[in-house]
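Notes follow once the structure below has been shown.
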Amino acid sequence: YQAWEKYRFPIAYERGERDRFSHHLLDLIGLGTQGLQDRQDLPDDALLYYSGLLSLQPRSATALRQILSDYFDVPVEIEQFAGAWQALDPDAQCCFDKANTYSEQLGAGAIVGDEIWDQQSGVRVRIGPLSVRQYLDFLPNGTAYGPLKALTQFFSGGEIDFEIQLVLKHEEAPACELGQTGETAPLLGWTSWAASRPLERDPDDAVLRI
């Protein structure tokens, strides 16, 4: 029986054991060390399922779209080079004094402000059109927000800033009524559209930084 089982990888997995094959897949995606496992907001087994895409280098926007679309079963588009503001360290900010550092030289390193725009560091993930139930799940207090954040951060290694743009089906946009309670109660900036008639386009105003 052991000889038969040795080359049938699903057997040990179906028993709930950490089999050799799964351990090798964890190595491929950088989770082979036990201390790195079970630290995400989604099961490691979910990452194993996408180990083929996660082990590719360099990782592509197409791979990210395939993973997110399949895991959440929703339409996904990836907008590369969306840009993001990056904070400057206090030592790199322009402050005219007697030090005459590079950050104080006009035309060289002097920058007005405490942030710079970096066009290549931001990626926008456009999700939808969604039903109202799906839309609410992707908000910060929803059940899909944690796994979405974990997947995007794991995919990028924390080196890319992500924006999530949620698109709601226009026919499911809830009416904005003050005093309304329940899951469809208006949330400013997320589910509150002031309209005197039904929307004709899918609202995509909600953009979340994760």
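The values are calculated or read from the model by the stated rules, or taken from the named source; none is laboratory data. Computed from a prediction, not measured in an experiment: that's the story for all the values here. No Cβ is skipped: glycine too gets one built from the backbone with ideal geometry, and neighbour counts run over all protein chains shown.
Identify, please: which residue in the range 6-22 is part of a helix (DSSP H, G or I) and exposed (fewer than 12 other Cβ atoms within 10 Å of the Cβ) and is, among those, modelled with the lowest pLDDT?
Residues of the range 6-22 part of a helix (DSSP H, G or I): 6, 9-14, 20-22.
Retained after the next criterion (residues that are exposed (fewer than 12 other Cβ atoms within 10 Å of the Cβ)): 6, 10, 14, 20.
Details: Lys6: 67, Pro10: 73, Glu14: 72, Arg20: 77.
By that ranking, first place goes to Lys6.
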- Residues of the range 45-82 being crowded, with 16+ Cβ neighbours inside 10 Å, free of Cβ contacts under 8 Å to residues at least 60 places away in the same chain and within 19 Å of Gln119 (Cα to Cα), which ones? Ile78
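Out of the residues in the range 152-172 that are of a type outside the set (Asp, Glu) and over 11 Å from the mean Cα position of the chain (by Cα), which is modelled with the lowest pLDDT? Spell out how you get there, then give the answer.
So in the range 152-172, the residues of a type outside the set (Asp, Glu) come out as 152-158, 160, 162, 164-170.
After this cut, where a residue has to be over 11 Å from the mean Cα position of the chain (by Cα) as well, the list is 157, 166-170.
On the way: Gly157: 87, Leu166: 96, Val167: 95, Leu168: 93, Lys169: 93, His170: 90.
Among residues in the range 152-172 that are of a type outside the set (Asp, Glu) and over 11 Å from the mean Cα position of the chain (by Cα), the one modelled with the lowest pLDDT is Gly157.
Conditions tested, residue by residue: (1) touching a His at 6+ places or on another chain (Cβ under 9 Å); (2) assigned to a strand (DSSP E or B); (3) not aliphatic (A, V, I, L, M).
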site: Gln134; (1), (2), (3): no, no, yes
site: Ala175; (1), (2), (3): no, no, no
site: Leu178; (1), (2), (3): no, no, no
site: Pro198; (1), (2), (3): yes, no, yes
- Query: What residue, of Ser156, Ser121, Ser69, is within 30 Å of Pro174 (Cα to Cα) and small (Gly, Ala, Ser)?
  - Reply: Ser69
- Looking only at the range 45-70, and only at residues there that are small (Gly, Ala, Ser) and in a loop (DSSP other than H, G, I, E, B), the one that is modelled with the lowest pLDDT: Ser55
- Query: Quick one: which of Asp118, Asp41 is under 30 Å from Pro10 (Cβ atoms), within 20 Å of the chain's Cα centre (by Cα), charged (D, E, K, R) and surrounded by fewer than 17 Cβ atoms within 10 Å (Cβ to Cβ)?
  - Reply: Asp41
